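Any read-out appearing in this document is the output of simple, stated calculations on the displayed coordinates, not a laboratory observation. Bear in mind the structure is a predicted one, so any value in this text is a computation, not a measurement. For neighbour counting, all protein chains shown are included, and Cβ atoms are generated from backbone atoms with ideal geometry for every residue, glycine included.
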Amino acid sequence: MILSLIVEVIKVAVLLAVALTCGAVLSWVERRMSGFIQDRLGPNRAKISIKNRDITLGGLLHPVADGLKLLFKEDFIPEGANRVLFVIAPFFAMFFVLAGFASIPFAESINIGDFNLRFNFFDLNIGVLYLFAISSLSIYGVILGGYSSNNKWGLLGGIRGAAQLISYETVLGLTILSMVIYYNTLSTSEMLNRQSGTIYGILPAWGIFAQPISFILMFIALLAEGKRAPFDIPEGESEIIGYFVEYSGLKFAMFFLSEFIEIIFIGCVITLLFLGGYRIPYLKIEDYALAVPIIFFVAGSIPVLLSYFAIRYHKSMSFFILLLSFGIFCLVIATGSLFVSDNSLTMEILMRFAQILVFAIKTGIIIFIMFLIRWTLPRYRFDQLLNLGWKKLVPISILNVLLTGLIIL
Amino acid sequence: MSGISGIIKGLKVTFTHFVTNLLFGKKGDIVTVEYPEEGLKYGPNFRGVHRLILREDGTPRCVACYMCQTICPALCIKITAAKRPGSHPLEKMPQEFIIDELRCVVCGLCVEACPEDAIRMDSGRHMPPSDNRENFILNSKILHSIKDYRDRK
């Protein structure tokens, strides 16, 4: 009992640390990526000098610098603001985003001795409903933040957010319905089990191949749900600054970070429902001996390959070392795992790490596509957004539910 | 449908730029100049820091005629005239020739006004930044020592 309690606390701590760190790193990734897309270099200058050597890590220190800056800024509450709601709003935004991760299984559960270690927090049999209930609650941060700050632009941002969320919630709900009909379950881990093996003979039995229309609909709806461009009208930097106009310092940082964590969350949800979660295509989950070296080899060789470009063309020694050390670490594990006997505990643990790696890679690809879309497409106007939602996506998703039902029958 | 094909075309463009620049950095399409470490070369017509020219015998070309000081719209030139030493055919030379580069608006009128072609702005560099105002006030010694842009590496 006490052991499981300690383990749960450690899991929460790890999740918090990973999510917050990844959110901060993603802010750098997005800025760097937008730079490359627009033929700029992006932020690469924040540095620490040790013995007259500048360590920049290719700009990875920028999130640290940003965080420090926001930490020391004045924590401003505007005149006439509802102080309680104003303070509470960023916590709402942050909490619901983080809580969503609770029912996402990042890897298979593992038995260490008598102890069963799960890689999610609870295996609800209505896990999917929980995911979407929580993620739609995160709009309260937006509405409260905009409403309580006694600012017209903030209020406009909040109202826009509410209208957008309500419209796209319909699409999201209907799409989930078709997914639930297809998988015939509401539990997240069950859904993953349904995605093993192949369909149509050659394709892995992932949701994206079985339900392509649902995938596109849900991707669009989740983009809107996460307030991502081209649906970022609650924020709309160029027209209204957004629901967080009046926020400064760490409260602003929380809004900012929660947005990036929500991106990770969206990536995780899509990976879970459509990309087979931690499953490796064409490999049975039991084939540890084959799967582990392959995954670690792939995960290791890509950074090693990229590190060549980092040193040759970007001339960033510290980032080169970072990439190379990670890559070599993975490669060493890959070679080492060849000598570990099957069905041993070491192999099982390595397999769990490999599964988390697979999950992370798939999530990363989805996040990459979201960033690419953001820096390609212009923002929808408000009426265009609602027209797209109600006149196009809702009918399509209703038809999609009917179609899925017919096929299943 | 045309909308979707447009989106895909756009994504292709951004993706190509991203991959090229991610892999090849400045050898790719990136146009950023990382300023303090590197800079753009100014063209030959660039109006840079003033410089004063010497005659072939080593004396200043300037004859202290006050043309530049008169025409200067920013009132940044201050000349103190003196008699040329020895039996020089010319009468005057500047004892002190001071240009306040903080006041200068870099219009180039002084160069055009000069009858002796003694003042030029072809140094090919801007005034280097400093945290001290004194450093922007150039006297004739400094102005004579500034080189032509062709001599700069």
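Give me Rg/Rg_expected for the protein assembly as shown, where Rg uses Cα atoms only and Rg_expected = 2.2 N^0.38 Å with N residues.
Values: Rg = 32.2 Å, N = 562, 2.2 N^0.38 = 24.4 Å.
Against the empirical 2.2 N^0.38 Å value, I get 1.32 for the protein assembly as shown.
Got a sec? How would B:HIS17, B:HIS126 order by Cβ neighbour count within 10 Å, fewest to most? Display every interim value, and only then the final one.
On the way: B:HIS17 18, B:HIS126 14.
Starting with the residue having the fewest Cβ neighbours, the order is B:HIS126, B:HIS17.
Which value results for Rg/Rh of chain B when Rg is the Cα radius of gyration and Rh the Kirkwood radius based on the inverse mean 1/r? Kindly include the intermediate steps, with their values, before the conclusion.
Details: Rg = 24.1 Å, Rh = 18.9 Å.
When Rh is taken as the Kirkwood radius, the ratio is 1.27.
Please state, as a whole number in µm²/s, the translational diffusion coefficient that the Stokes-Einstein equation yields for segment A:107-146 at 25 °C and 0.890 mPa s, with Rh defined as the Kirkwood radius across alpha carbon pairs. Before the final figure, lay out the partial values.
Working: Rh = 12.7 Å.
Diffusion coefficient, whole number: 194 µm²/s.
Quickly estimate the mean residue ellipticity at 222 nm for chain B, helices only: each DSSP H run with n ≥ 4 gives -39500 (n - 2.57), and the total goes over all residues, rounded to 500.
Working: 4 runs with 39 residues, N = 153.
Rounded to the nearest 500, it is -7500 deg cm²/dmol.
What number, in percent, do you get for the relative contact order of chain B if the mean sequence gap of Cα pairs under 8 Å and at least 6 apart is divided by its residue count?
Working: 209 pairs, mean separation 40.1, N = 153.
Once normalised by length, the contact order is 26 percent.
With no solvent and one equal point scatterer placed on each C-alpha of segment A:1-86, evaluate the Debye formula and give log10 I(q)/I(0) for q = 0.10, 0.16, 0.22, 0.24 Å⁻¹, two decimals.
-0.48, -0.87, -1.03, -1.10
What is the sum of charges, Lys and Arg at +1 and Asp and Glu at -1, for the other residues whose Cβ falls under 13 Å from the Cβ of B:ILE98?
-1
Step by step: find N for segment A:308-409, compute 2.2 N^0.38 Å, then divide the Cα radius of gyration by it. What's the final number?
For segment A:308-409, the normalised Cα radius of gyration comes out at 1.80.
What ranking, highest mean first, results for peptides B:6-14, A:140-148, B:76-84 when packing means the other Cβ atoms within 10 Å averaged over each residue? Don't skip to the answer; put the middle values down first.
On the way: B:6-14: 13.3, A:140-148: 25.0, B:76-84: 16.1.
Taking the mean over residues of other Cβ atoms within 10 Å, the ranking is A:140-148, B:76-84, B:6-14.
I'd like the projected area of segment A:30-184, averaged over all directions, using the convex hull of its alpha carbons. Report it in nm² with one decimal.
On the way: hull surface 65.2 nm².
So the Cα hull casts an average projection of 16.3 nm².
Just counting partner chain Cβ atoms within 10 Å, what average do the residues of peptide A:128-141 show around their Cβ?
Details: counts 0, 0, 0, 0, 0, 0, 0, 0, 0, 0, 0, 0, 0, 0.
That average works out to 0.
So what J values fall out for segment B:10-20 if you push phi through Karplus, 6.51 cos²θ - 1.76 cosθ + 1.60 with θ = phi - 60°, rounded to Hz, Gly and Pro as x?
Per-residue couplings from phi come out as x, 4, 4, 4, 5, 5, 4, 4, 4, 5, 4 Hz.
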